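To start, the structure itself, in structure tokens.
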Amino acid sequence: MTCPFCLNMLAEVCGEKVLLLASDCVANVRFNVAKSLQEMSPYLESSVIDTQAKRTLEKLNSGVDVDVKHFDSEAMAGIAAA
């Protein structure tokens, strides 16, 4: 019970900051944004996923880094399956 509660609270507090990190110049930071969005998606409202998370993932996928694209594609697939 404590773990889901903490995740909800962290998603609420850190969600916007995670989205800002999608513009970081370090590829490892950007692909961890994709991974974080995938992990947080079950706890986010569908409107947030549709407007913010998916838009951020689309932005990440438009970059040139192969690793970022890989984790971005995994996150997009994971969110679509949820």
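Summing Cβ point charges (Lys, Arg +1; Asp, Glu -1) relative to the Cα centre of the chain gives a dipole of roughly 80 debye. Taking a straight line from the alpha carbon of K54, these aspartates and glutamates sit under 15 Å away, with near neighbours fewer than eight places off in the same chain left out: E16, E39, E45, D72, E74. For the chain, the carbon plus sulfur part of the accessible surface works out to 60%, probe radius 1.4 Å.
The values are calculated or read from the model by the stated rules, or taken from the named source; none is laboratory data. Since the structure is predicted, the reported quantities are computational estimates derived from the model, not experimental observations. Here the Cβ is made from the backbone with ideal geometry for all residues, glycine too, and neighbour counts use every protein chain on show. Heads up: the accessible areas ignore ligands, DNA and RNA and are worked out on the full protein's heavy atoms, side chains in. Shrake-Rupley method; radii C 1.70, N 1.55, O 1.52, S 1.80 Å.
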